[in-house]
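Q: Mind having a look at this structure? Questions to follow.
The values are calculated or read from the model by the stated rules, or taken from the named source; none is laboratory data. Since this is a predicted model, take the numbers as computed values, not measurements. Please note: Cβ atoms are built from the backbone with ideal geometry, for glycine as well, and neighbour counts cover all protein chains shown. We work out accessible area using only protein heavy atoms, side chains counted, and drop any ligands, DNA or RNA first. Shrake-Rupley method; radii C 1.70, N 1.55, O 1.52, S 1.80 Å.
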Amino acid sequence: MEQSFVETIDLLIIGAGPAGLAAAVEAQRGGISNLLVVEKGPSHSQMVRTYYKEGKRVDAQYAGVEALCYGILCLRDGNREGYLAMMDHVIESSRIPIRYNTEIWSLVASPDTDGFEVKTASGLRYLAKFVIVAIGKMGRPRQPDYYREIPAVLKNGKRILFDINTRPFDGARILVVGGGDSAAEYAQMLSVKNEVTLSYRQASFTRLNSINERIMAEMIAQKKIRVLMPSNIIKVEDKGGRPSVNFAETQDAPEVFDAVLYGLGGMTPVAFLQTAGVQLSTKGEPVTDAAHESSVPKLFIIGDLLGHGHGGGSIIGGFNSASRAVRHMLERYLKRPLPPEMVSLDHLLY
């Protein structure tokens, strides 16, 4: 039965990842206390928990984004556990109100309230003066063009994967697909106990950060990872419960692996944004101004959805986009200018 409860708040933040949590801290700093963060998953930082193995590096400079911090939160090079502990402390010390297991169903501007009506999958409704969308793309991993043709037995048998934590591997023959930092790090971590091949459609890596570029070069030179570049997968078939991969370059000689792990990034929730009235670019990314306000006034989009060219995909990029958005919201609409921006390589107030 649909619930009739309606909650009125000043600021609703959708997503409890790095950008969403930073937005909450920045808003509190600016005097907004009536705010709420809603998160689809059971805990904060779901992307990190799902796609990062224990002990995985978390680099300050990621996806080519310079490690400069402009707001309250910053990040030093560390690992998965250090980042999660830091954000636990941020939530506790700032007393950020978060409602977990809450999936947003729709978001529409409400002329009657000069704000937004937001509905959840469970039927709860929120009336918010401002909304910040800070969801990641990895909730919808990017699939290859031929994904629908992959036999269901391989998918259900957990032989076709999109995250590294779905099942453990030891002594397996694994194909990692992709050429970005995620794919490179999957290959590095899996190569410790497995035979790893990495397939990338380009002839060389062009999107790796400096750390991954160096590590991959060393591992390839030492033959710890086999690399097929350029290579284009055209079909994946079932071979006795294992994926048999057909490459365009060697169509007559398919290779059989124990699993195929895709590290292709995530997809923008186009339908959700279009329903909210947000203008999208020809690439399907939300169009925002320099402060990340969308084409819908008082609706801001920060973090991963901005795309790599605007700081998406980087934790520090998420922190910084939150700072810019909240600063603009406070100054333009609430007439509450914040102190001058901080610019630092290593400041960390938590």
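Q: Which residue pairs have Cβ atoms closer than 6 Å, lie 6 or more positions apart in sequence or on different chains, and pair a first residue in the range 260-271 that is in contact (Cβ under 8 Å) with a residue 40 or more places away in the chain with a second residue that is among the aromatic types (Phe, Trp, Tyr) and open to solvent by less than 20 Å² (accessible area, probe 1.4 Å)?
A: Leu261/Tyr186; Gly263/Tyr186
Q: Confirm whether Met216 is closer than 23 Å to Ser182 by Cβ, free of Cβ contacts under 8 Å to residues at least 60 places away in the same chain and open to solvent by less than 30 Å² (accessible area, probe 1.4 Å).
A: Working: closer than 23 Å to Ser182 by Cβ: yes; free of Cβ contacts under 8 Å to residues at least 60 places away in the same chain: yes; open to solvent by less than 30 Å² (accessible area, probe 1.4 Å): yes.
Against the criterion (closer than 23 Å to Ser182 by Cβ, free of Cβ contacts under 8 Å to residues at least 60 places away in the same chain and open to solvent by less than 30 Å² (accessible area, probe 1.4 Å)), Met216 qualifies.
Q: Still on this structure, I have one more. Check the range 252-265 and report whether any residue there is under 23 Å from Leu11 (Cα atoms), surrounded by fewer than 14 Cβ atoms within 10 Å (Cβ to Cβ) and aliphatic (A, V, I, L, M). Even if it seems obvious, please write down each step before you answer.
A: Initial filter on the range 252-265 (under 23 Å from Leu11 (Cα atoms)): none.
No, because not a single residue in the range 252-265 is under 23 Å from Leu11 (Cα atoms), surrounded by fewer than 14 Cβ atoms within 10 Å (Cβ to Cβ) and aliphatic (A, V, I, L, M).
Q: Name the residues in the range 139-158 that are open to solvent by less than 60 Å² (accessible area, probe 1.4 Å) and within 24 Å of the chain's Cα centre (by Cα), would you?
A: Those that are open to solvent by less than 60 Å² (accessible area, probe 1.4 Å) and within 24 Å of the chain's Cα centre (by Cα): Pro141, Pro144, Tyr146, Tyr147, Lys155.
Q: Output the number of residues of the range 102-127 satisfying the condition of being among the acidic types (Asp, Glu) and under 19 Å from Ala16 (Cα atoms).
A: Total meeting the criteria: 1.
Let's see how each residue does on (1) open to solvent by 10 Å² or more (accessible area, probe 1.4 Å); (2) closer than 24 Å to Leu330 by Cβ; (3) in contact with a Ser or Thr (Cβ under 9 Å, 6 or more places away or on another chain):
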residue: Glu26; (1), (2), (3): no, yes, yes
residue: Gln61; (1), (2), (3): yes, no, yes
residue: Tyr83; (1), (2), (3): no, no, yes
residue: Ser93; (1), (2), (3): yes, yes, no
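Q: I've got another one for you. For Lys129, are the conditions met, namely being open to solvent by 60 Å² or more (accessible area, probe 1.4 Å), touching a residue at least 24 places away in the same chain (Cβ under 8 Å), part of a strand (DSSP E or B) and out of contact with any Pro (no Cβ under 7 Å at 6 or more places or on another chain)? So that I can check it myself, show each step before the final result.
A: Working: open to solvent by 60 Å² or more (accessible area, probe 1.4 Å): yes; touching a residue at least 24 places away in the same chain (Cβ under 8 Å): yes; part of a strand (DSSP E or B): yes; out of contact with any Pro (no Cβ under 7 Å at 6 or more places or on another chain): yes.
So Lys129 fits the description; yes.
Q: Residues being open to solvent by less than 10 Å² (accessible area, probe 1.4 Å) and either at pLDDT 95 or above or hydrophobic (A, V, I, L, M, F, W, C) (or both): count how many of those fall in the range 294-323.
A: Number satisfying all stated conditions: 9.
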